[in-house]
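A short write-up of the structure that comes next.
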Amino acid sequence: MKHSVCVLGGGSFGTVLANIMAKNGHQVSQWMRNEQQVEEINLTGLNSRYLPDSPLHRELLATSNLEQAIRESDTVFVSIPSKSFEQVVQNIEPLLTADKILISTTKGFNPQHFELMSDILKRNSVTQKIGVLSGPNLAKEIAAGHMTGSVVASHDEAVRKYAIELLKSPTFRVYESADTKGVELAGALKNIYAIVCGLAKALNVGENTMSMIMTRSLAEMSRFAVHFGANPMTFLGLAGMGDLIATCTSPLSRNYRVGYGIGSGKSLEEIIDSIGEVAEGVNTLRMVVAEANNHQLYMPLADGLSKLLFEGAKLESLIGSMMTGEQKWDVEFATNDEVKNV
């Protein structure tokens, strides 16, 4: 069955999703503000700014007409950076109808206050058919046809099934989850630890060290998320462990590259300018550390990175926070009743 879909955002991940759905035979429009980018995609079949080596399906239509794109679509994927997400959602609210499905693909928080992207979507008064898509989804690998798994999460089973139908392909498999909060928090939080791992790699640490950092990162992520209502088991899946591994080991990850640049002696400003795309982990770090402090959550890696990036602390303080901290249990959320949470 052919469906009508709109993808909001002209970045790399929004483009690969739009391309998958166009290949699947759906009517797909991709909205973006940049008129030159719209013209390039429609005339040449390329998004050279983000995916220069990946020809797009001929039926994928780029547009700068937001009203038309929304009105003609039954599903809207919101692939907008977190800093602009709220504004775009406010702009489309008058165009929504009760039957439209909204799916966020943005991994981050509202930079104005502690709020997830799905919370912004839920504030609209028209439709509550809302989901989130997250996982180890490096866009350039998806565009190149590498096998990839992702997770769609929603409290509405119909939304999950619908998203799977739109996106399933021989190289892109979508699993489902009812833990929207856990899946979304996993996608946002791992960006912090990708920065930590990029930094560690620049310092040529050993594989034992990298393994320890990633494992303790997962512990911090789940500790934070469970406090806010997530299921800890979600973090053993693609949205948690899967995404963490991908972004903590790949130079394709913007957040990893931020950390690698810091570890190589560059300033944060230099790195952000050179990347040319938003590294969500920098904003997420500020938000998460503030919330962890407010709720007295033990987050030594995130806290150490925050002091390093924003308070001029020495690198040794980040390393020391991991090696000399108070945490003593390896696995916090164990099923054995004799093991108590710390």
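Along Cα→Cβ, 7 Å out, is where each label goes; now give me the distance between the ones at Ala158 and Glu270 in nm to one decimal.
Those two pseudo-labels are separated by 5.5 nm.
Using a Förster radius of 30 Å, what is the FRET efficiency between Asn208 and Leu236 based on their Cβ-Cβ separation? Nearest 0.05, please.
Numbers: r = 22 Å, r/R0 = 0.73.
FRET efficiency, Asn208 to Leu236: 0.85.
Of Ile20, Val331, Leu185, which is farthest along the charge dipole of the chain in the positive direction, counting Lys and Arg as +1 and Asp and Glu as -1 at C-beta?
The Cα lying farthest towards the positive end belongs to Ile20.
Report the calculated FRET efficiency for His113 and His227 (r = Cβ-Cβ distance, R0 = 30 Å), to the nearest 0.05.
Numbers: r = 17 Å, r/R0 = 0.58.
Given R0 = 30 Å and the Cβ-Cβ separation, E is 0.95.
Between Gly182, Gly198, Gly263, which gets the highest mean-square fluctuation from a Gaussian network model of the chain, Cα cutoff 10 Å?
Highest fluctuation among the options: Gly263.
From largest to smallest, what semi-axes in whole angstrom does segment 218-306 give when each is the square root of 5 times an eigenvalue of its alpha carbon gyration tensor?
Numbers: eigenvalues 120, 55, 20 Å².
Semi-axes, largest first: 24, 17, 10 Å.
Tell me the GluC sites (Glu not before Pro) within segment 250-318 that lie in a loop according to DSSP and have at most 11 other beta-carbon atoms within 10 Å. Display every interim value, and only then the final one.
On the way: sites: Glu269, Glu270, Glu277, Glu280, Glu291, Glu311, Glu316; in loops: Glu277, Glu311.
Answer in residue order: Glu311.
Note the angle between two axes, namely the Cα long axis of helix 12-23 and the longest principal axis of the Cα atoms of the chain, as a number of degrees from 0 to 90, rounded to the nearest 10.
Helix 12-23 and the main axis of the chain meet at about 40 degrees.
Viscosity 0.692 mPa s, temperature 37 °C: Stokes-Einstein D of segment 1-149 from its Kirkwood Cα radius, in µm² per second? Write down the numbers at each step before the final one.
Details: Rh = 15.4 Å.
Rounded, D is 213 µm²/s.
Using only alpha carbon positions, build the gyration tensor of the chain, then give the equivalent ellipsoid semi-axes as the square roots of 5 times its eigenvalues, largest first, whole angstrom. Please report the intermediate quantities before stating the final value.
Values: eigenvalues 229, 101, 64 Å².
Whole-Å semi-axes of the equivalent ellipsoid: 34, 22, 18.
Among DSSP beta bridges lying fully in segment 2-135, give the percent that are antiparallel, nearest 5. Walk me through the intermediate numbers first.
On the way: 2 of 21 bridges.
About 10 percent, rounded to the nearest 5.
Nearest 10 degrees, 0 to 90: what angle lies between the long axis of helix 35-44 and the longest principal axis of the chain (Cα atoms)?
Its long axis makes an angle of about 70 degrees.
Report the one residue of Ala139, Thr105, Val126 whose Cα lies farthest in the direction of the positive end of the charge dipole of segment 83-219 (charges on C-beta: Lys and Arg +1, Asp and Glu -1; origin at the Cα centre).
Projecting each Cα onto the dipole axis, the largest value belongs to Ala139.
For the chain, just give the cysteines left without a disulfide-compatible partner, judged by no other Cys Cβ under 4.7 Å.
So, Cys6.
Remind me, relative contact order of the chain in percent, using alpha carbon pairs under 8 angstrom and six or more residues apart?
On the way: 641 pairs, mean separation 44.6, N = 342.
After rounding, I find 13 percent.
Counting C-alpha atoms alone, how compact is segment 32-88: give Rg to one decimal and Dmax as a whole number, in angstrom.
Reported Rg and Dmax, both Å: 12.2, 32.
Once you put a point 7 Å from the Cα of Asp99 and another 7 Å from the Cα of Glu316, both along the Cβ direction, what distance in nm separates them?
Taking the two extended label points, one gets 6.7 nm.
Mind checking the dipole of the chain: about its Cα centre, +1 per Lys or Arg Cβ, -1 per Asp or Glu Cβ, Debye to the nearest 20? Walk me through the numbers before you get to the answer.
Numbers: 30 positive and 37 negative charges, 66 e Å.
Computed charge dipole of the chain: roughly 320 debye.
Could you state the accessible area per residue of segment 156-312 in Å², with a 1.4 Å probe and every protein chain left in place?
Working: 6430 Å² over 157 residues.
Averaged over the residues of segment 156-312, the accessible area is 41 Å².
Quick check on segment 150-251: what are the equivalent-ellipsoid semi-axes from the Cα gyration tensor, as sqrt(5λ), descending, whole Å?
Values: eigenvalues 151, 55, 15 Å².
Rounded to whole Å, the semi-axes are 27, 17, 9.
What fraction of the DSSP beta bridges in segment 1-76 is antiparallel, stated in percent and rounded to the nearest 5?
Working: 1 of 11 bridges.
Bridges in segment 1-76 are about 10 percent antiparallel.
Of the beta bridges DSSP finds with both residues in the chain, what % are antiparallel, to the nearest 5? Don't skip to the end; give the middle numbers.
Details: 5 of 30 bridges.
Around 15 percent antiparallel, to the nearest 5.
The values are calculated or read from the model by the stated rules, or taken from the named source; none is laboratory data. Worth saying up front: this structure is predicted, and the values here are computed from it rather than measured. Cβ coordinates were reconstructed from backbone atoms using ideal geometry, including for glycine residues, and neighbour counts include every protein chain displayed. The protein model used for the area step is the full one, side chains on, heavy atoms only, and it has no ligands, DNA or RNA in it. Shrake-Rupley method; radii C 1.70, N 1.55, O 1.52, S 1.80 Å.
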